[in-house]
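Before any comments, here is the structure.
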Amino acid sequence: MKTIYVVEDDANIREIEMFALKNSGYKAEGFACASDFWKQLKKKKPSLILLDLMLPDEDGIAMLGRLRANPETQALPIILVTAKTAEIDKVRGLDAGADDYMAKPFGVMELISRVKALLRRAEPKKQGAPLVLAEIALDMASRSCKVSGRPIDLTYKEFQLLSLLIQNTGIVLPRDVLMERIWGIDFLGESRTLDVHIKTLRKKLGEAGRCIQTVRNVGYLASEGG
């Protein structure tokens, strides 16, 4: 049975979320503050985290940063649940490493649907040979990247983005497809999330970053010719 941690200071909302999760076949553990969550995380790692942005003892964005900076929790699926609905808040959360974003109030059916979808995306895939494009080599099992044999430190989202592009070498992937596949969302608006990740990815790859090409007004593609 998969365990889901619910980090929410509002007792009523926390109980509703936990009740819905348990009724859907998950084990749910609730935490009213960040400190209790961190203590339990040291004992056991969950399958997914529902994280409120506004907690009494620690900011949710700061917590995301800590989780993504730790190799042991870097790939943990995380859904932000918050009363903040402005697009800038969504962008901040997603840029900080969240996999999905839910604004309060929400329906329990939507919650369970998003949880199931994210857990499916997070399931380990059968791994074969490394993905290779020019000097770039990705090891899918260890989620590691090398350029000309040199290790490159990529974030979870950067690795996902690069692997998706390489898996579709020579094919233009539209912006909305990349956003949906990597972030699991369908909004663009003024968000520069994708562009910022591409820019950072190219910088980390150095000369090999030329393999990621911009197709103006459409999206991006990976090309061996650069």
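The values are calculated or read from the model by the stated rules, or taken from the named source; none is laboratory data. Everything quoted here is computed from the prediction, not taken from an experiment. Heads up, the Cβs are rebuilt from the backbone with ideal geometry, glycines too, and the neighbour counts pull from every protein chain shown. Side chains included, ligands, DNA and RNA excluded: accessible areas come from the protein's heavy atoms. Shrake-Rupley method; radii C 1.70, N 1.55, O 1.52, S 1.80 Å.
Worth a mention:
- Of the criteria (1) of a type outside the set (A, V, I, L, M, F, W, C); (2) loosely packed, with under 15 Cβ neighbours inside 10 Å; (3) at pLDDT below 90, which one Asp99 fails: (2)
- Helices (runs of 4 or more DSSP H) lying entirely in region 40-125 (those with 3 or more residues that are among the charged types (D, E, K, R)): 87-95, 108-122
- Among residues of region 188-201 being of a type outside the set (Ser, Thr, Tyr) and buried (at least 16 other Cβ atoms within 10 Å of the Cβ), the one that is modelled with the lowest pLDDT is Leu194.
- Sole exception among (1) under 15 Å from Val6 (Cβ atoms); (2) over 14 Å from the mean Cα position of the chain (by Cα); (3) open to solvent by less than 60 Å² (accessible area, probe 1.4 Å) for Asp36, by number: (3)
- Leading residue by the ranking (most open to solvent (accessible area, probe 1.4 Å)) among those in region 104-132 that are among the small types (Gly, Ala, Ser) and modelled with pLDDT of 85 or more: Ser113
- Every residue from region 66-75 that is crowded, with 19+ Cβ neighbours inside 10 Å and either more than 14 Å from Ile49 (Cα to Cα) or at pLDDT below 90 (or both): Arg68
- Tally of residues being in contact (Cβ under 8 Å) with a residue 12 or more places away in the chain and either buried (at least 19 other Cβ atoms within 10 Å of the Cβ) or not in a loop (DSSP other than H, G, I, E, B) (or both) across region 142-156: 5
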